C-alpha cells in the first residue's frame, strides 16, 4: 500500500484536497482539528461519514486542505474527497460507498443572475402606472 493516499472533492464553490496515511485517527482541516473547524454536529458528522461507515476512524490520519464556499459546502467536499481517497486505497469499498451515496457528486451550483432581472429567476416588480 502507498504511504499517502490523495483524494479531491468539490461541492458548490468548495474544493477539498485530502491525504490519508496510516495512523491513529487524527483529522486536521486547514491545520485545525475538525471538531473545532466544523461548528455543528451535522457538518462534523457529514465530513467524517465515510470513515464512520467503514469503521476506519482510528486507522487513518487525515490531512485536509479546503477552501471556498461555506461550511456545509466544505463539509460535503471533504466527505467526497475522503470517500475517493478510501476508494483509491481499496477498490473493494466501491460498492458500499456507492450504496450510501458517498461517491455521488452533488453538482448543483448557484444559478447566475440575469440582466434585466433582480436575481436568477426573480424579476423586478411590475409597475402599471
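Quick one: which residue in 108, 129 is surrounded by fewer than 11 Cβ atoms within 10 Å (Cβ to Cβ), at pLDDT below 95 and under 19 Å from residue 16 (Cα atoms)? Write out each step before concluding.
On the way: 129 fails: under 19 Å from residue 16 (Cα atoms).
Step by step, each of 108, 129 is checked, and only 108 is surrounded by fewer than 11 Cβ atoms within 10 Å (Cβ to Cβ), at pLDDT below 95 and under 19 Å from residue 16 (Cα atoms).
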Worksheet item: Which one is farthest from residue 78 (Cα to Cα) among residues in segment 91-109 that are in contact (Cβ under 8 Å) with a residue 40 or more places away in the chain and part of a helix (DSSP H, G or I)?
Response: 96
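Can you confirm whether residue 121 is out of contact with any strand residue (DSSP E or B) (no Cβ under 7 Å at 6 or more places or on another chain), part of a loop (DSSP other than H, G, I, E, B), in contact (Cβ under 8 Å) with a residue 60 or more places away in the chain and surrounded by fewer than 18 Cβ atoms within 10 Å (Cβ to Cβ)? Show your work before the answer.
On the way: out of contact with any strand residue (DSSP E or B) (no Cβ under 7 Å at 6 or more places or on another chain): yes; part of a loop (DSSP other than H, G, I, E, B): yes; in contact (Cβ under 8 Å) with a residue 60 or more places away in the chain: no; surrounded by fewer than 18 Cβ atoms within 10 Å (Cβ to Cβ): yes.
No: the conditions fail for residue 121.
Out of everything in segment 1-24 that is at pLDDT 90 or above, outside any strand (DSSP E or B) and in contact with a helix residue (DSSP H, G or I) (Cβ under 8 Å, 6 or more places away or on another chain), what residue ends up being surrounded by the fewest Cβ atoms within 10 Å (Cβ to Cβ)? I'd like the intermediate steps shown before the answer.
Our first condition is that a residue be at pLDDT 90 or above; within segment 1-24, this holds for 4-24.
Now drop any that are not outside any strand (DSSP E or B), which leaves 4, 12-13, 23-24.
After this cut, where a residue has to be in contact with a helix residue (DSSP H, G or I) (Cβ under 8 Å, 6 or more places away or on another chain) as well, the list is 12-13.
Details: 12: 18, 13: 14.
Among those that are at pLDDT 90 or above, outside any strand (DSSP E or B) and in contact with a helix residue (DSSP H, G or I) (Cβ under 8 Å, 6 or more places away or on another chain), it is 13.
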Response to the item:
Of all helices (runs of 4 or more DSSP H) fully inside segment 25-87, the set with 1 or more residues that are out of contact with any helix residue (DSSP H, G or I) (no Cβ under 8 Å at 6 or more places or on another chain) is 34-37, 41-47
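The values are calculated or read from the model by the stated rules, or taken from the named source; none is laboratory data. No experiment lies behind these values; they were computed from the predicted model shown. Every residue, glycine among them, receives a Cβ derived from its backbone with ideal geometry; neighbour counts consider all protein chains shown.
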